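The values are calculated or read from the model by the stated rules, or taken from the named source; none is laboratory data. Only a predicted model underlies this, so the values are computations on that prediction, with no experimental measurement involved. Cβ placement follows ideal geometry from the backbone for every residue including glycine, while neighbour counts extend to all protein chains displayed. Please note that ligands, DNA and RNA were not included when accessible areas were found on the heavy atoms of the full protein model with its side chains. Shrake-Rupley method; radii C 1.70, N 1.55, O 1.52, S 1.80 Å.
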Amino acid sequence: MATKSPKSLIDVDERERRLLAPYAMYSSDSAGRVFPEPDHPYRGPFQRDRDRILHSSAYRRLSGKMQVFTGEMGDYHRTRLTHTQEVATIARTVGRALMLNEDLIEALALMHDLGHPPYGHAGEDALNECIADEGGFSHNQFGLTIVQEIEVRYNEYSGLNLTREVLAGQTSRVDKQAKGKRPLLEVQLVDAADSTTYDAHDTDDAIKLGLVSLDQMSHLGLIREGLSYVKKRYAGLSKELLRKAIVHRLVNHQVTSLLDYTASQLKERAFESTAQVVNSDFTIGPDPALAEQKKELESFLYENVYRHPQLIQVRQSAQLRLKKMFRAYCKNPALIPEKYRPRFEKIGVRRVAVEYIAGMTDHFCEETHLMLFPND
Ligand code: MG
């Protein structure tokens with residue numbers, strides 16, 4: 001693969017041979033790109049993928065897309081971009097300890113939410129309904145469309161021309177129940193880091209915004225553990241510091257469990273190659289007791305935060321706006337900017353309308369809606 005260049009003291013393959021476990025994905029084993037490219041002198045293929053994703057317009061737009069809470073609710077809570085960065089950091093921490101390929105992990109993590117439309121899952125549900133009769137819309141699938149067809153980077157072809165491993169990793173997110181080979185450990189790890197991250201930060205944001213209180217959550221296994229851990233170490237914390245200490249513990253406890261349990265499982269399995277991993281039934285995750293506690297916390301968040309009356313209201317009005325915009329674009333396709341129109345022929349006006357809306361940030365969507373319907 002990458003050849004030694006005077007610019008680097010060690011080449012990518014040599015570095016990976018020294019640092020990665022036999023079950024990790026090695027750059028030298030990559031199946032390459034759809035459009036072959038020469039190797040870079042000092043960046044491996046997954047590093048280049050990471051950089052291509054980082055420099056894409058869809059990635060920058062994540063800063064204007066909500067995770068769970070909208071911009072009007074304040075400036076403390078996570079956006080889709082800061083969520084993505086937290087996922088990447090946690091996944092890399094665990095990946096490094098497990099001697100997995102950090103470059104691949106980072107590329108996958110930065111890509112994982114690239115296809116999210118404005119207004120989070122509410123937006124996704126509305127767009128899905130708009131084209132339910134044509135296969136529907138999913139943010140995971142749209143992430144793939146973005147990097148393969150929509151991003152404009154090269155003269156010769158559309159998309160970012162990412163490695164097959166990154167594309168396959170994202171594909172496995174589209175249908176997580178799909179039968180067949182297991183995803184690479186790097187892919188599985190990013191998925192586990194995603195839930196580790198949102199379980200902690202949604203708790204933090206929801207308490208900070210006053211939608212729920214720590215008291216209300218103290219019966220949940222994970223929060224109970226956090227409270228007892230924190231109270232044993234620190235006395236008389238202010239409300240603010242107590243929340244922060246609990247969230248810190250929530251991250252640390254989950255990450256440690258994920259790492260310890262996965263490391264012990266990997267030791268037992270003693271995989272000698274990625275081929276053995278993908279042909280096994282191995283799944284990265286926290287120990288089963290913690291997995292139960294995570295489920296308990298997630299159903300609490302679902303009932304009390306994601307379905308909070310304040311969010312339901314935001315959700316419903318966003319969905320009405322998106323559907324109205326969709327109908328307007330279908331009725332009058334000339335309202336869709338010219339650069340999106342070449343796709344009319346390939347995927348039809350209705351899906352182009354959905355894709356155009358899905359690419360918008362929350363704020364841009366608001367403004368566009370106002371422009372289309374000034375009297376609303
Ligand atoms: Mg995510």
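Between A270 and Q316, what length comes free when the chain is fully extended (0.36 nm per residue of separation minus the Cα-Cα distance, one decimal in nm)? Could the numbers behind the result be given before it?
Details: separation 46, 0.36 × 46 = 16.56 nm, distance 4.97 nm.
That works out to 11.6 nm of additional length.
Find the accessible area per residue for segment 207-318; the probe is 1.4 Å, ligands and nucleic acids are left out, and the unit is Å². Walk me through the numbers on the way to the answer.
Working: 6270 Å² over 112 residues.
It amounts to 56 Å² per residue over segment 207-318.
The accessible area of T361, taken with all protein chains in place and a 1.4 Å probe, comes to roughly 30 Å².
Determine, from the Cβ-Cβ distance of E240 and F344 and an R0 of 51 Å, the FRET efficiency 1/(1 + (r/R0)^6), rounded to the nearest 0.05. Don't skip to the end; give the middle numbers.
On the way: r = 52 Å, r/R0 = 1.03.
Step by step, r from the Cβ atoms, then E = 0.45.
In this calculation the C-beta distance from H219 to E72 is compared with R0 = 30 Å, giving a FRET efficiency of 0.45.
Over segment 13-372, Cα pairs under 8 Å with separation of 6+ residues give a relative contact order of 22 percent. Modelled spin labels at V212 and S299, positioned 7 Å past Cα toward Cβ, are 1.3 nm from each other.
Span-like helix check, the chain: qualifying full DSSP H segments, with Cα axial length of 18 Å or more and mean Kyte-Doolittle of -1.0 or more, are 80-97, 185-208, 221-233, 239-269, 288-301, 309-331.
What's the extension gain from H121 to E14 if we count 0.36 nm per residue and subtract their Cα-Cα distance?
Numbers: separation 107, 0.36 × 107 = 38.52 nm, distance 4.25 nm.
Net length gain for the segment: 34.3 nm.
Expressed as a whole percent, the accessible area of the chain that falls on carbon and sulfur atoms is 52 (1.4 Å probe).
Only Cα pairs within less than 10 Å get springs; with that Gaussian network setup on the chain, which residue of A289, A263, A109 has the largest fluctuation? Of the options given, A289 has the highest mean-square fluctuation. When only the Cβ of Lys, Arg, Asp and Glu is charged (+1, +1, -1, -1), the dipole of the chain relative to its Cα centre reaches about 320 debye. Projecting label points 7 angstrom from Cα along Cα→Cβ for T283 and T93 puts them 2.4 nm apart.
Length available on full extension from T82 to R233: 0.36 nm per residue minus the Cα-Cα distance, which gives 51.4 nm. By a 1.4 Å probe calculation restricted to protein chains, S195 has an accessible surface near 20 Å², given to the nearest 10.
With a Förster radius of 30 Å applied to the C-beta separation of D133 and E156, the computed FRET efficiency comes to 0.30. Of the options L220, Q293, T70, report the single residue whose Cα projects farthest towards the positive end of the charge dipole of segment 13-372 (beta-carbon charges: Lys, Arg +1; Asp, Glu -1). Comparing the listed Cα positions along the dipole, T70 ranks first.
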